[in-house]
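Peer 1: I am attaching a structure below and will ask some questions about it afterwards.
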Amino acid sequence: MKSSQRRGVRSPAAAPFRIVERLNQGRLPRRGAAEEIAAAHELRDWSIKTYLAGSARLSGWALDGLATTEDRFIRALMTDHVRPPARAPAWMNASRQALQRYAPKQPAEGAESKDFSPLVRPYAMWASAMFAQDLQRARRDPPDDVDALCAQLQAAIEEHLLIIASRACLLELNEARLLGKLQAATPEDRFQQFIREYLSSRRSIRSFLDRYPVLERLMATAAMQTRLAWREMIKRLRTDWKLLRRTFALDNEILRHVDSGLGDPHRCGRSVMILTFASGRKLVYKPRSVAVEGHFSECIAWFNEHGLTPPLRPLAVLSRKDYGWVEYIEPKPCESRADIQAFYSRQGALLALLYLLDGTDCHNENLIAHGADPVMVDVETLFHNLPPAGRSGRDRAAVRRATVYAETVLRTGLLPQKIFGPEGSAELSGLHGAGGQTSPFSVPRFEQGQTDEMHVVYGKVQMGPSHNLPSSGEHPADANAVDEAFIAGFCQAYRIAMAHRDELLAPDGVVEAFRRDRVRFVPRATYEYASLLSDSFHPALLRDAVRRDFHLDILWQVVPEQRFLGDIVGAEQEDLWQGDIPYFQAGVGDTDLLDSRKSRIGNFFKEPAIARVRHRIGNLSERDLDCQTHCIRMSLAAARTKGGGAVATSQ
């Protein structure tokens, strides 16, 4: 074991800093002892073999992405001799304040803990206290329950930080047990002894984080980001309150509760929030532009006005710059068989709109069954463009398959589609994806909790509930009748668009209204990002930021097959370092790509997404309608066979 990893010995000052930070802000050693240089080269060779598939080409691309040379990279690996940036970053100051103000000098007498929360609580308390000051500084319209909101923020941060820190805590617990340092009589008592001696005082927490400096960085960053995201939401709520009351018919409300962390975190920990007021009314806050939701509702209204029966239900939306407010849709059951028929007819029409507007990612979490109305509550992946086929790096047959798939209704994600993993498969489509399925991927979970024999196991877990399927109590739906209603709804909406395409595509039409909107571009499957992020919390990657950088270099491995990804790996790694799922946006009428920091990658796409949509609508025909309805029928038929369902094709 290296001296920097032994108990009570502080890691080198440069340990929590990434390679890119050492190259750009730190001071690299000019020279080193021969054995230190050899060790750095050995580490470099190991990282290429382990994370870059042993490829010199990938290694060269990664160096180009850092805009550095092999020599400077090697010197950046010499952590013991790299001098960190002269100015302490914000996360370091936040960590210092959190521990100084809220970590107890001594463990509380007689206190017991069910988990490792004493380690993370000082950060959550610090963020909560800062948020309380934020709430008091500005005008309070609408009024809010400060104590309740601060308690909710603290609980949300503790839960999030435990995900980041638990595996490092578990490693230390098992080490203490194996070394005989826990002398209490029972496994439960030895667990509590570990909590008291290793995680419950300022000195013990400081010693712990000295061994895991990257963990300190991640926890302080997450606490800061969550507090700032909540502060930003409150400020926007107060600024927009008069407009919100008018748009959503809100009374003089008191904000009581905030559900945060809904959906994936993006752009420095921001995520969708649901606000609950004292009256029970709810409102959805989205920390991104919702202009596309507003224009989609206008598109729905256009189809309704042109005879769509039964009509689709639009969402009420208040669009602001870079964020917005959306009506909360409550899941509701159907009241009759007729409602179920109407539900699936509307869902068929919804599929037609998604196909026309090149929508993707319409999985079960993005659709709510509100009585007889299927309501899409997230349409940020409408106008989802394709990277140029010439930059895919794949063989022509693979490119052709992906291109053909992209021209069908299957691409929407609304039709039955299974994803496969080492633990099986799951059906997550908007049409059939039920909640409570078994995850197809291994997920870490703890066993023998609250004992010193606590350990991690990987395996299948049950996924949460979903609200996309209509429930009908004592009114079961006839499967064949439902299929025909679904297809009829699709055909009706398709033919409306075909009959009125000139109006639909007019300069002042509903399609052109999207031109200035920004939509999300998803270059890789979200579960790939989530898995990579989860694995990056392994204790071995929390001692030196270099090791975590190496781990994230896995993103380079598929670049030879999908060359366009080479332009965005750096942005992906930056987002993952912030604890985010990488986020990219594209203008509907633009060919550039924007990362989460709004850095622009010029001419990323061959043509604007709106050009693809205009071409598709301009070429609607009975022949294409037959092709799409055939895809629908085959998808529905496959879903009814044992183990069936269309396989989701990756981008």
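Peer 1: Tally Lys and Arg at +1 and Asp and Glu at -1 over the other residues with C-beta under 12 Å from the C-beta of residue 130: what net charge comes out? Each step should come with its number before you reach the end.
Peer 2: Working: positive: 101, 137, 227, 231; negative: 134.
Around residue 130, the surrounding residues sum to +3.
Peer 1: Under unit Cβ charges (Lys, Arg +1; Asp, Glu -1), what dipole magnitude, rounded to 20 debye, does the stretch 296-365 have relative to its Cα centre?
Peer 2: Numbers: 6 positive and 10 negative charges, 26 e Å.
Using Cβ point charges on Lys, Arg, Asp and Glu, the stretch 296-365 gives about 120 debye.
Peer 1: If I fit a long axis through the Cα atoms of helix 609-618 and take the longest principal axis of the Cα atoms of the chain, what angle between them do I get, 0 to 90°, rounded to 10?
Peer 2: 20
Peer 1: For residue 380, what accessible surface area do you get with a 1.4 Å probe? Give it in Å², rounded to 10.
Peer 2: 20
Peer 1: Per the helix-only calculation at 222 nm, which mean residue ellipticity applies to the chain, given -39500 (n - 2.57) for every DSSP H run of n ≥ 4 and division by its residues, nearest 500 deg cm²/dmol?
Peer 2: Counting only the DSSP helices, I get -14500 deg cm²/dmol.
Peer 1: Report the local net charge at residue 542: Lys and Arg +1, Asp and Glu -1, summed over other residues whose C-beta lies under 10 Å from its C-beta. Show your work: numbers first, answer last.
Peer 2: Details: positive: 167, 211, 217, 543, 547, 548; negative: 216, 544.
Residues close to residue 542 contribute a combined charge of +4.
Peer 1: Could you give the nm distance between label points at residue 41 and residue 174, where each point is 7 Å from its Cα heading toward the beta carbon?
Peer 2: So the label points at residue 41 and residue 174 sit 3.5 nm apart.
Peer 1: Return the distance in nm (one decimal) between the two label points of a simple spin-label model at residue 257 and residue 456, each offset 7 Å from Cα along Cα→Cβ.
Peer 2: Inter-label distance under the simple model: 3.2 nm.
Peer 1: While we're here: With a 1.4 Å probe and every protein chain kept in, tell me what percent of the accessible surface of the stretch 8-88 is carbon plus sulfur. Intermediate results must be reported in sequence, preceding the final value.
Peer 2: Working: 2290 of 4600 Å².
So the carbon and sulfur contribution to the accessible surface is 50 percent.
Peer 1: At 1.4 Å probe size, what's the solvent-accessible area of residue 101? Round to the nearest 10 Å².
Peer 2: 140
Peer 1: Rounded, prolate or oblate: which fits the stretch 552-651 when a ≥ b ≥ c are the square roots of the eigenvalues of the alpha-carbon gyration tensor, with rounded for a/c under 1.5 and prolate only if a/b beats b/c? Write down the numbers at each step before the final one.
Peer 2: Numbers: a/c = 2.87, a/b = 1.48, b/c = 1.94.
Taking the square roots of the gyration eigenvalues as a ≥ b ≥ c, the stretch 552-651 is oblate.
Peer 1: Another question about this same structure. Does anyone have the angle between helix 117-137 and the longest principal axis of the chain? Alpha-carbon axes, 0 to 90°, nearest 10?
Peer 2: Once rounded, one gets 60 degrees.
Peer 1: At 1.4 Å probe size, with no ligands or nucleic acids counted, give the accessible surface of residue 82 in Å², nearest ten.
Peer 2: Near enough 10 Å² of accessible area.
Peer 1: For the chain, what proportion of DSSP beta bridges, expressed in % and rounded to the nearest 5, is antiparallel?
Peer 2: Details: 42 of 46 bridges.
If I count the DSSP bridges inside the chain, around 90 percent turn out antiparallel.
Peer 1: Also, quick follow-up: With all protein chains present and a 1.4 Å probe, how do 114, 606 order by accessible area, largest first? Please report the intermediate quantities before stating the final value.
Peer 2: Working: 114 150, 606 180 Å².
Sorted descending by solvent-accessible area, the residues read 606, 114.
Peer 1: Heavy atoms only, probe 1.4 Å: what % of the accessible area of the stretch 459-569 goes to carbon and sulfur, would you let me know? Please list the in-between numbers first.
Peer 2: Numbers: 2420 of 4840 Å².
Taking all protein chains in place, the stretch 459-569 shows 50 percent carbon and sulfur surface.
Peer 1: Taking the Cα centre of the chain as the origin and placing charges on Cβ (Lys, Arg +1; Asp, Glu -1), which of 499, 424, 52 is farthest toward the positive end of the dipole?
Peer 2: 52
Peer 1: Between residue 616 and residue 527, what length comes free when the chain is fully extended (0.36 nm per residue of separation minus the Cα-Cα distance, one decimal in nm)?
Peer 2: Values: separation 89, 0.36 × 89 = 32.04 nm, distance 2.99 nm.
Contour length minus Cα-Cα distance gives 29.0 nm.
Peer 1: Ok, one more. Mind listing the long-range amide H neighbours of residue 257? Cut-off is under 5 Å, sequence gap 5 or more, other chains count too, H placed in the peptide plane at 1.01 Å from N.
Peer 2: Long-range HN contacts for residue 257: 276.
Peer 1: Quick check: the distance between the Cα centres of the stretch 301-371 and the stretch 31-82, to the nearest angstrom?
Peer 2: 52
Peer 1: Please list 3J(HN,Hα) in residue order for the stretch 250-264, calculated via the Karplus relation 6.51 cos²θ - 1.76 cosθ + 1.60 where θ = phi - 60°; whole Hz, with x for glycine and proline.
Peer 2: 8, 8, 6, 9, 10, 6, 9, 8, 10, 9, 10, x, 7, x, 7
Peer 1: ³J(HN,Hα) across the stretch 80-91 via Karplus (A = 6.51, B = -1.76, C = 1.60, θ = phi - 60°), whole Hz, x for Gly/Pro?
Peer 2: Listing the rounded values in order: 4, 10, 7, 8, x, x, 5, 9, 5, x, 4, 5 Hz.
Peer 1: When only the heavy atoms of the protein chains count and the probe is 1.4 Å, how do 217, 236 rank by accessible area, highest first?
Peer 2: Values: 217 20, 236 45 Å².
Putting 217, 236 in descending order of accessible area: 236, 217.
Peer 1: Hey, another quick one. Rounded to two decimals, what is the ratio between the C-alpha radius of gyration of the chain and 2.2 N^0.38 Å? Spell out each step's value before the answer.
Peer 2: Numbers: Rg = 26.7 Å, N = 651, 2.2 N^0.38 = 25.8 Å.
Relative to the 2.2 N^0.38 Å estimate, the chain comes out at 1.04.
Peer 1: List the residues, sorted by chain then number, that are 5 or more residues from residue 584 or on another chain and whose placed amide H is less than 5 Å from its amide H.
Peer 2: 521
Peer 1: With θ taken as phi - 60° and the coefficients 6.51, -1.76 and 1.60, list the Karplus ³J(HN,Hα) couplings across the stretch 349-360 in order, rounded to whole Hz; mark glycine and proline as x.
Peer 2: 3J(HN,Hα) across the stretch 349-360, in whole Hz: 5, 4, 4, 4, 5, 5, 5, 4, 9, 6, x, 9.
Peer 1: Tell me the net charge near residue 380. Cut-off is 14 Å between Cβ atoms, residue 380 excluded, with +1 for each Lys or Arg and -1 for each Asp or Glu.
Peer 2: With Lys, Arg at +1 and Asp, Glu at -1, the neighbours total -2.
Peer 1: Follow-up. Determine the shape class of the stretch 51-202: with a ≥ b ≥ c the square roots of the Cα gyration tensor eigenvalues, call it rounded for a/c under 1.5, and otherwise prolate if a/b is greater than b/c, oblate otherwise. Spell out each step's value before the answer.
Peer 2: Details: a/c = 2.36, a/b = 1.25, b/c = 1.88.
Cα axes put the stretch 51-202 in the oblate bin.
Peer 1: Counting heavy atoms of the protein chains only and a 1.4 Å probe, report the per residue accessible area for the chain as a whole number of Å². Show your work: numbers first, answer last.
Peer 2: Working: 28950 Å² over 651 residues.
Ligands and nucleic acids excluded, the result is 44 Å² per residue.
The values are calculated or read from the model by the stated rules, or taken from the named source; none is laboratory data. Values in this document were obtained by computation on a predicted structure and should not be read as measured data. Note that we place each Cβ from the backbone using ideal geometry, even for glycine, and neighbour counts take in every protein chain shown. The accessibility values were calculated without ligands, DNA or RNA, using every heavy atom of the protein model including side chains. Shrake-Rupley method; radii C 1.70, N 1.55, O 1.52, S 1.80 Å.
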